[in-house]
Structures are given as structure tokens and as C-alpha cells.
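Data block below; observations after.
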Amino acid sequence: MHRRLFVRFVRWVGYDLGISPNQITLGRLLFFIPGWLAWFYRQELAAYTGFPWQLFGALASVAVTTVIIFDIVDGALARETGQVSDHGKILDPLVDKLITYSTLGLFWATINQVGLLILLGLDLTSTLLRGVQVEGANHFGKSKAFSQNIAKLFFALAILCATPLLNLVGNGLIWLAVVLASISVGIRILPSKIQSSILVAIPQVLTLCNLGGGLAAIWCATQGRVGLGVAFNFAAMIFDLSDGAVARRLGVSSKFGKQFDTIADMVSFGLAPAIMVCATGHWSPLALGLGAFYVVATLVRLYDYGRSKDRTPHGFFRGLPSPAAAWLVIGSVLFPIPGLSLLILVAAAILMCSFRINWIHFNQVISTMHPAEISTSLGMGLLLAIATRNPATFFAGPIIIYVFSPAWRKPLI
């Protein structure tokens with residue numbers, strides 16, 4: 001549905017309004033400049049007008065986000081109307097690089113400068129190779145751009161919400177972009193046999209990152225740094241979401257990879273959430289007992305997932321997926337309500353083993369979200385963040401909607 005709307009919008013811009021792809025590219029640059037200036041001079045504008053500087057920062061963020069969205073439109077319009085040109089192939093990546101790195105430069109004081117410079121070098125190399133090989137961006141180059149753009153959002157939110165912890169997420173995304181850019185360049189210059197070996201290893205590296213995030217979350221919990229542990233566990237979820245998708249996109253799979261993924265899920269979404277709840281419960285016997293119950297439920301859930309794939313409706317899971325259960329549990333530790341995380345731990349364990357209930361695959365949720373789901377998720381997350389005065393609790397809104405989604409998202413029989 002969303003794709004059809006996007007195609008209709010692109011055709012309206014190209015055919016009805018008569019706007020060319022190159023005009024959109026130049027328009028993006030012209031629209032970006034006042035947004036960049038509004039962010040750079042937000043303090044001066046606030047002093048001059050009397051409005052809070054956060055207002056100008058938010059307006060600048062909206063302007064830059066709009067520019068990023070229209071980067072997708074100009075390429076789609078060029079393909080739709082057959083207006084792909086050599087001039088556009090040079091202009092579009094040039095404007096993209098200018099917008100991307102001038103935006104990231106605004107966060108020079110908080111960004112990992114080594115990672116940013118490496119990323120810039122890889123980006124320039126990839127652009128030169130694209131020109132020589134006459135090929136467009138590959139999947140890893142596009143994923144790299146997506147990671148860069150999300151990183152900008154986290155750096156901006158860290159300043160607007162006065163939450164420096166979000167800079168950690170932003171820098172993590174920058175280094176993820178470095179990895180993706182390295183793969184993108186490697187695919188262009190390495191022999192085909194070496195490329196094949198790399199392609200098989202890529203999903204396993206992502207699974208390793210999933211496992212690393214879970215182990216880091218456990219270590220943070222034992223050190224009393226639960227907030228940082230929550231961030232690491234969210235990172236593990238992102239890697240878990242990407243390893244299977246990347247494997248399917250590349251058309252690679254292995255028996256070791258499937259077993260390794262199960263082990264990583266057990267650590268990141270079984271042990272890590274249980275240990276974080278035990279840490280917030282001061283390692284009481286009750287917390288340890290319920291934590292063990294949750295770990296056993298995760299084992300049962302993963303075992304059932306491995307043996308019931310053929311009997312599960314396409315695009316759905318039997319029982320609440322373990323990453324979603326972990327999201328629900330670690331989200332609860334952010335709320336300063338005694339006993340809440342223990343109750344959520346038990347509820348999540350029961351939902352994971354509720355095999356008569358089907359939850360839609362999260363990858364399919366992202367592309368098929370209804371406007372009501374989007375607005376409710378955002379609204380609930382915003383209310384929770386305001387009520388707790390903790391921006392991180394914003395992410396509890398979407399998972400609550402997902403937990404109740406089987407009531408209206410049902411598999412087709």
C-alpha cells in the first residue's frame with residue numbers, strides 16, 4: 001500500500017507538475033541550506049527572537065529530514081520517467097555527499113571523528129569506483145546511507161533532549177556505516193571468489209555483533225549500568241533484525257549460521273533481559289527465580305521456532321518473538337515503578353510460549369504499518385517519555401502496540 005502511494009506521488013511530481021529529477025536534486029540543496037543555518041545559528045536566533053533554541057533545532061531537523069526523504073524521490077523519478085542522465089549521475093551523489101557530511105560536521109564535538117573520516121574516505125572511493133564501473137549504488141551502499149541518516153537523528157536528539165547517551169547510539173551507527181561502506185567498496189574491487197566468501201560471512205558477522213551486544217548488556221547489568229545495558233540490548237536487536245534479512249537478500253545460508261543465530265538470541269534475548277531485571281531487583285531470590293523462569297521460556301520459544309517453521313503461517317510467528325519479549329522486558333526497567341519489571345518478565349515469558357497466538361514478523365510490520373498504528377505508537381511513546389522524564393521510554397510505545405497487534409493483525413487462512 002505504501003509503495004503504491006509512493007509511486008503515485010512520484011508520477012504526480014514528474015508527470016503532473018513536470019518537475020525533473022535534477023530540479024529536485026538542486027531543490028534539495030537549496031532547501032537544505034536554511035535548515036543547516038537554522039541549526040548552526042539556533043542560539044543566536046533564540047536570543048534575537050526570544051523563542052527557545054530547541055524550536056529552531058527542531059525546525060532544522062524537520063528541514064533536513066525532508067531533504068533526505070526527497071533523495072529517494074529524485075532517483076525514483078529518474079527511473080520512472082526515463083530521465084536518467086550522465087549529468088544527474090554526477091550531480092546526485094555530489095549533492096548527497098555535501099548534505100551528508102555538512103550535517104554530520106554540525107556534531108563534530110560529539111561524533112567519533114576517526115570513524116567519520118574513515119567513512120568519508122570510503123564514500124569518496126565508492127563514488128569514484130561507481131563512475132569508473134558505470135554502476136549505481138549496491139545494497140550495502142544504500143544501507144550505509146540509511147545508517148548515516150539515522151545517526152544524524154540520534155545526534156540531533158542528544159542535543160535537543162539533553163541526553164548524551166544517544167550520542168553512543170549515533171556513533172554506533174557511524175561505525176556500522178563504516179562496515180557497510182567497506183563491504184560496498186570491497187564488492188567493487190575484489191575478485192568474485194573472494195566476494196562469495198565474504199557474502200557468506202557477512203550475516204555471521206552481524207550475528208556476532210548481536211551476541212556482542214547481549215554480552216555487553218550483561219556486563220553493564222553486573223556493573224550497575226543498566227541504562228547502558230538497555231542501549232546495548234537494543235543494538236543487539238537491530239543486528240538480529242538485519243542478519244536474517246541480509247542473508248536472504250544475498251541468497252546465502254549455512255547450518256552453522258542458523259545454530260549460531262540461536263545461540264546469540266539465547267544470550268541477547270534470554271539471559272541479558274533476565275540479568276538486567278535481576279540487577280534492578282538487587283539480585284533478590286524472587287528476581288533470580290523469575291529470571292530463571294524467563295530463560296527457560298526463551299529456550300522453549302527458540303526450540304519451537306526451529307521445529308515449527310513449516311507449520312507457522314507465512315510472515316508470522318507462533319508465540320511472541322524473543323527479541324520483542326526482550327524489548328518489552330528491558331523497556332520495563334526504565335520505569336521507576338517497584339516490581340513492574342518482574343511482572344513484565346513473567347508476562348513476556350508466558351506470551352513467548354503462547355503458541356496459539358500469531359505475531360506478525362517485525363520486518364513486515366515496518367513496511368505495512370497503518371496510520372493508526374503509527375500515530376498510536378508515537379503518541380503513546382511521547383506520553384511515556386513525558387511522564388517519566390526519560391526520552392528512552394519513548395521506545396516503549398511501539399512495543400506495547402506490537403504486543404497487542406494479534407487482535408487486528410491475523411494471518412490469512
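Where a number appears in this text, it was derived from the coordinates with a stated rule and is not lab data. In this text, all values refer to a predicted model and were calculated from it rather than measured experimentally. All Cβ positions, even for glycine, are placed from backbone atoms using ideal geometry, and neighbour counts span all protein chains on display.
Computed FRET efficiency, Cβ-Cβ of V300 and C161, R0 41 Å: what is it to the nearest 0.05? Please list the in-between numbers first.
Values: r = 39 Å, r/R0 = 0.94.
Plugging the Cβ-Cβ distance into 1/(1 + (r/R0)^6) gives 0.60.
Could you order peptides 251-262, 213-224 by the average number of other Cβ atoms within 10 Å of their residues, highest first?
213-224, 251-262
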Quiz item: What is the dipole size for region 200-413, taken about its Cα centre, with +1 at each Lys and Arg Cβ and -1 at each Asp and Glu Cβ, in debye to the nearest 20?
Solution: 360
Quiz item: Which pairs, out of K97/K142; K142/K309; K258/K410; K142/K258; K309/K410; K97/K152, put more than 19 Å between their alpha-carbon atoms?
Solution: K142/K309; K258/K410; K142/K258
Quiz item: Taking only C-alpha pairs under 8 Å that are 6+ residues apart, what is the relative contact order of region 200-413 in percent?
Solution: 18
Exercise. Pull out the extension gain between Q113 and Q54, defined as 0.36 nm times the separation in residues minus the alpha carbon to alpha carbon distance; nm, one decimal.
Key: 18.7 nm
Quiz item: Name the chymotrypsin sites (Phe, Trp or Tyr not before Pro) in region 20-112 that are in a loop by DSSP and that have at most 15 other C-beta atoms within 10 Å, would you?
Solution: Y41, W108
Practice problem: Mark the label point 7 Å from the Cα of R225 along Cα→Cβ and return the residues of region 260-282 whose backbone N is within less than 15 Å of it. | Solution: none
Quiz item: What is the sum of charges around L104, taking Lys and Arg as +1, Asp and Glu as -1, for the other residues whose C-beta is under 12 Å from the C-beta of L104?
Solution: +1
Quiz item: Ranked highest first by average number of other Cβ atoms within 10 Å, how do 91-97, 316-322 line up?
Solution: 316-322, 91-97
Quiz item: Counting Lys and Arg as +1 and Asp and Glu as -1, what is the net charge of the other residues whose Cβ lies under 10 Å from the Cβ of G319?
Solution: +2
Quiz item: Based on DSSP H runs of at least 4 residues, each adding -39500 (n - 2.57), what is the mean residue ellipticity at 222 nm of the chain after dividing by all its residues, to the nearest 500 deg cm²/dmol?
Solution: -25500 deg cm²/dmol
Practice problem: Provide Rg over Rh for region 200-413; use the alpha carbon set for both Rg and the Kirkwood Rh (inverse mean inverse pair distance). | Solution: 0.95
Quiz item: When the Kirkwood radius is taken over all Cα pairs of the chain, what Stokes-Einstein diffusion coefficient follows at 10 °C and 1.306 mPa s, in µm²/s?
Solution: 68
Quiz prompt | Modelled FRET efficiency - R0 22 Å, L94 with F146, Cβ distances, 0.05 increments | solution = 0.70
Quiz item: Given R₀ = 35 Å, FRET efficiency for T81-S375 by Cβ-Cβ distance, to 0.05?
Solution: 0.60
Quiz prompt | region 307-380 and region 1-64: distance between their alpha carbon centers, rounded to Å | solution = 35
Quiz item: Using a Gaussian network model of the chain with C-alpha springs under 10 Å, which one of T49, T25, T110 is most mobile by mean-square fluctuation?
Solution: T49
